[in-house]
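The values are calculated or read from the model by the stated rules, or taken from the named source; none is laboratory data. Predicted model only: the values in this text are computed from it and were never measured. Every residue, glycine among them, receives a Cβ derived from its backbone with ideal geometry; neighbour counts consider all protein chains shown.
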Amino acid sequence: MSDILPLSQRELSRVQVLEQLKAKQIKQRQAAQQLGLSVRQIKRLLHAFKRRGAKALLSKKRGQRSHHQLPRDVKAKVLQLLRGRYADFGPTLAHEKLGEVHHLQLGLETVRQLMIHAGLWRPRRAKRPVIHPLRERRACWGELVQIDGSPFAWFEDRGPVCTLLVYIDDATSQLMELLFTEAETTFSYFEATEHYLLRYGKPVAFYSDKLSVFRVNLPNSLTGEGATQFGRAMYQLGIKLLCANTPQAKGRVEKANQTLQDRLVKEMRLRGLSTMAEGNAYLSEFRETYNRRFAVAPRSAENAHRPLLPQDELARILTVQEHRHLSKNLTLNYHNVIYQIQTPRPTYALRQAQVVVREDRHGTITIEYKGQPLAYTEYHRQLRQAEETPSKLIDAALATKRSPKRRRARYVPPADHPWKRFPVSPKVGH
C-alpha cells in the first residue's frame with residue numbers, strides 16, 4: 001500500500017508541472033515561467049523528481065521546530081501574566097502593558113494568538129458595515145470640540161456607577177477635558193466647561209447630542225427664551241453650540257467613549273482607584289498618556305482658540321439664570337422657596353421690578369437688580385410637587401431617595417427637669 005503524501009497546494013502544482021516536463025510536453029523555460037523559478041532550479045527539481053518522485057518536493061523543514069518560536073520559559077511567563085493580571089484585557093492593551101510594565105518585547109499578533117489559544121480572547125466576526133457619509137476633520141485645533149457624557153461602571157464593583165464627561169477635539173482626536181460626575185446635568189457641564197476654558201480658551205464651537213442640557217426638546221414651548229441654560233451661557237461667551245442628528249455624526253467622541261470604557265477602567269483598576277475624587281485626580285495623567293498615543297497632527301498649525309476677555313466673567317455666566325418679578329411685598333418664588341428682599345430704599349421703588357436669580361453649582365443663590373446684588377432672607381419653603389426628571393437623571397434621583405433617613409432621637413428629660421419634681425399618679429392623671 002503506497003504512502004499518502006501530505007502535499008501543499010504549491011507542492012502539488014510543482015508535481016503537475018514536473019510530470020509534464022518529464023513527459024516532454026513542455027520545455028524547461030515554460031516550466032520555469034509557470035512556477036516562477038529559474039531554469040537552473042527547474043533542472044535540479046527535475047533531477048530529484050526522476051530519482052525519488054513526489055517525495056523529493058516535500059520541504060525538509062516540515063515537522064521541525066521553528067527558529068522564531070518564543071522560548072518556553074518566556075511563553076509560560078507571558079501566559080501567567082495574561083491569566084493573572086490581564087485576563088479581561090484586549091490584545092492591544094495587554095501587548096502595551098507587557099512592554100511598558102514587564103519589559104517583554106513581543107509582537108501584537110503573538111500576544112493575540114497566545115490569548116486565543118489560552119481562551120482569554122475570542123476572535124470577533126466582522127460586522128456588516130453600515131455606510132455613513134464621511135466628514136473630513138476640521139483643519140484647526142479648537143475649531144470644533146465634540147462633547148458627550150458616558151454613564152458606565154467606571155470603578156466596576158469598587159465604587160458607584162457615575163458619568164464621565166468627555167471633550168475631544170475634532171481636528172486632532174485629542175482629549176481636551178475629562179470629568180467624573182454623578183450625572184449629565186447643566187451644572188456638571190458648567191464645571192467641565194469652566195476647566196476647559198481656563199486651560200485652553202474659547203473654541204469656535206461645541207458639538208453635542210440632543211440632550212435637554214443643550215437643546216429645548218419641547219416642540220411647542222411657549223415659555224422661556226428658546227435656549228437652555230447651557231446654550232445661553234455659550235451664546236454669552238461667543239461659542240457656537242451645534243447638535244448632531246445621529247450618534248455617527250459625532251463619531252470621534254463616541255469612539256473615544258468605547259476606548260475609555262476599556263482602557264481607563266483597567267488603568268484605574270491597576271491603581272486601585274475607587275472614588276470619583278481619586279479618578280478626577282488621575283484623569284490629567286491619563287489624558288496626557290492618551291494624547292501622546294492617539295492624537296494626530298492637524299492639517300493647519302493655527303490655533304482656533306480665543307482668549308477669555310475681561311467681560312467673560314465665568315463665575316456669573318456659568319450659572320443657572322432666571323428672571324422674576326418682585327411682588328408688592330418685595331418677594332419672589334424660586335424653586336418653591338419664597339425670598340424676601342431686604343433693602344433700605346423705599347419699598348415702592350422695587351415693586352414689580354424685574355430681577356435675575358442666579359444659582360451656581362454649589363447651590364448659592366444671588367438675586368441681582370440692574371447688575372447689583374440684593375440682600376434677601378428666606379421667608380417660606382413650600383412643599384415640592386412632582387418634578388420632571390430626564391431619563392439620564394433617574395439613577396441619580398433614585399440614589400438620593402434611597403439614602404437612609406435619619407430618625408429623630410427620643411427626647412429624655414434630665415433628672416432636674418420640672419416634670420420630675422412632682423410625682424404623677426396613674427389613677428388621677430396628675
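If the condition is being under 20 Å from Glu288 (Cα atoms) and of a type in the set (Lys, Arg), then region 162-210 contributes only Arg199. Within the bounds of region 6-24, is there any residue that is out of contact with any Phe, Trp or Tyr (no Cβ under 6 Å at 6 or more places or on another chain), surrounded by 12 or more Cβ atoms within 10 Å (Cβ to Cβ) and modelled with pLDDT under 80? Yes, that holds for at least one residue. The single condition among (1) surrounded by fewer than 17 Cβ atoms within 10 Å (Cβ to Cβ); (2) under 30 Å from Tyr196 (Cα atoms); (3) of a type in the set (A, V, I, L, M, F, W, C); (4) out of contact with any Gly (no Cβ under 8 Å at 6 or more places or on another chain) that Ala349 does not satisfy is (2).
Within region 105-129, residues that are farther than 22 Å from His68 by Cβ reach partners that are of a type outside the set (Lys, Arg) and part of a helix (DSSP H, G or I) with beta carbons closer than 6 Å, at six or more positions or on different chains, in the pairs Leu120/Leu82. If you go through region 152-171 and keep only what is more than 11 Å from Ser208 (Cα to Cα), crowded, with 16+ Cβ neighbours inside 10 Å and of a type outside the set (A, V, I, L, M, F, W, C), you end up with Gly159, Thr163, Asp169, Asp170. Filtered by the rule that a residue be under 30 Å from Leu98 (Cβ atoms) and loosely packed, with under 11 Cβ neighbours inside 10 Å, region 37-75 gives Lys61, Gln64, Arg65, Ser66, His67, His68, Gln69, Pro71, Arg72, Asp73. Comparison of Tyr290, Tyr200 shows that the only residue that is in contact (Cβ under 8 Å) with a residue 40 or more places away in the chain, under 19 Å from Ser173 (Cα atoms), assigned by TED's automatic domain parsing to the domain that holds Val166 and in contact with a His (Cβ under 6 Å, 6 or more places away or on another chain) is Tyr200.
Just to be sure before I move on: is Arg44 outside the structural domain of Arg269 (by TED's automatic domain parsing), touching a residue at least 24 places away in the same chain (Cβ under 8 Å) and more than 30 Å from Gly272 (Cα to Cα) in the structure I sent? Answer is no for this residue. Has region 296-311 got any residue that is of a type in the set (Val, Ile, Thr) and free of Cβ contacts under 8 Å to residues at least 40 places away in the same chain? The answer is no, given that none of the residues of region 296-311 is of a type in the set (Val, Ile, Thr) and free of Cβ contacts under 8 Å to residues at least 40 places away in the same chain. Filtering region 295-316 to residues that are in a helix (DSSP H, G or I) and surrounded by fewer than 16 Cβ atoms within 10 Å (Cβ to Cβ) leaves Leu314, Ala315.
Taken as a whole, the condition of being surrounded by fewer than 17 Cβ atoms within 10 Å (Cβ to Cβ), modelled with pLDDT of 90 or more and of a type in the set (S, T, N, Q) does not apply to Gln146. If I ask for residues that are in contact with a Ser or Thr (Cβ under 8 Å, 6 or more places away or on another chain) and part of a strand (DSSP E or B), which ones from region 329-360 would you list? Scanning region 329-360 gives Ile338, Tyr339, Gln340, Ile341, Gln342, Val357, Arg358, Glu359. Residue pairs whose Cβ atoms lie under 8 Å apart, sitting 6 or more positions apart in sequence or on different chains, and linking a residue in region 81-96 that is farther than 11 Å from Arg263 by Cα and among the hydrophobic types (A, V, I, L, M, F, W, C) to a partner that is modelled with pLDDT of 90 or more and assigned to a helix (DSSP H, G or I), are Leu81/Leu98; Leu82/Ala94; Leu82/Val111; Leu82/Leu114; Leu82/Met115. Of all residues in region 318-360, those satisfying the criterion of being modelled with pLDDT of 90 or more and among the basic types (Lys, Arg) are Arg324, Arg358.
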